[in-house]
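Derivation of every value follows stated rules applied to the coordinates shown; laboratory data play no part. Keep in mind that this is a model prediction, so the values were computed, not measured. Don't worry about glycine lacking a Cβ; one is built from the backbone with ideal geometry, like all the others, and counts go over all protein chains shown.
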Amino acid sequence: MTRFQKKLWIGLAIMALLTPLGIYLPDRFKSGDAWGEWGTDKIRGLLGYVPEGLKKLADFWKAPVPDYNFGGENAAFSTQVISYIISGMIGIAAAVLLIYLITKFLVKHEK
Amino acid sequence: MHIPDGYLSPQTFVPLYGVSFVFWAIALKKIKQELPAKYIPYLAMAAAFSFLIMMFNVPIPGGTTGHAVGGGIIAILLGPWAAVLAVSVVLIIQAIVFGDGGITAMGANCFNMAVVMPFVSYWVFKLVKGNAKGGARFYIAAFLAGYIGLSVAAILTGFEFGIQPMIASGPDGRPLYAPYPLSIAVPVMAIEHMLVFGIVEGMVTALILKYFVKHEAELVYAMKEA
């Protein structure tokens, strides 16, 4: 690993530790969900009903760590913060692993 | 901008899976043919970076949140096809592990953020910078690349939301999927990204490019091609 790459990795590690800002600030400023990414309860609040097709597809997949949060919907904020940092680490690891696997597979076929 | 499951009709998400598959196939081929092995660690870091930057939700007080994607800076540094792969990998992890973006909507989300955004950003950067290799014009080009790339992706997402009521409604006339029409979905997605999140994306793009030009200028893909 070059010195430059080492610096970039340190930068990414610092970013991972700062990620809780991405849940703290929206919470602080009461910003709610991203537009068009509401859960079905929120939609019922907005429209008075849940569109039929949306209702059927909404639970298509049960993600193992929904919303980057290990503690469930009513988790304490500190749990959410720790979950968020760990999620960032998992994300880095998974992204790096997948990129190496994909590129390794490509290179192997080349030779 | 991560469309969840249930917001898009099958008439929308199936074709968009098809389009994304085509781009994934070309991206893998291009990377196999053109990407030097020394770029692989950077590709991995690019994916890690994109994952992290999307975690920084930027609040609009009392309103909503959004985030940068990193698709523009990755396209400038490593090329648009490398960006297709890096951002797609991130979106797939986000959908499967964290439920951020739907599984059915994965093709659509990849098309918006991992295909359209990197290419728009890359073209804007090349077009605006001209022959500049530094200075104001060069960094304005980088800012605009991120800004316009994210805004176009957001408008496209708004368009995909907005056509749902036209495509699919129940016997009672109620929409079956994303409920808001084009006249609401497109302006909302456009305005919030053009006024807030696009500016963040543009600044991130310019600052990171500046850092790379200072330390490892010969690496920057968009500066190599004529």
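Panel order for A:Ile43, B:Ile3, B:Ile74, by other beta carbons found within 10 Å of each beta carbon, from fewest to most: A:Ile43, B:Ile3, B:Ile74. Tell me, how many Å apart are the Cα centres for segment B:95-151 and for segment B:45-78? After rounding, the separation between the Cα centres reads 10 Å.
Screening chain B for DSSP H helices whose Cα atoms reach 27 Å or more along their own axis and whose mean Kyte hydropathy is at least -1.0 gives B:10-34, B:135-162. Please work out the FRET efficiency for the pair A:Leu25 and A:Tyr100, using the Cβ-Cβ distance as r and a Förster radius of 30 Å; give the result to the nearest 0.05. Computed FRET efficiency for A:Leu25 and A:Tyr100 comes out at 0.35.
Each of A:Met1, B:Met166, B:Met1, A:Met15 was scored by other Cβ atoms within 10 Å of its Cβ. Listed from fewest to most, they are A:Met1, B:Met166, A:Met15, B:Met1. Residues B:Thr64, A:Thr19, ranked from the fewest to the most other C-beta atoms within 10 Å, line up as B:Thr64, A:Thr19. Among the listed pairs A:Lys62/B:Lys32; A:Lys7/A:Lys104; B:Lys30/B:Lys129; A:Lys30/B:Lys126, those whose Cα-Cα separation exceeds 27 Å are A:Lys62/B:Lys32; A:Lys30/B:Lys126. When the Gaussian network model of chain B links Cα atoms closer than 10 Å, the mean-square fluctuations of B:Ala132, B:Ala153, B:Ala178 top out at B:Ala132.
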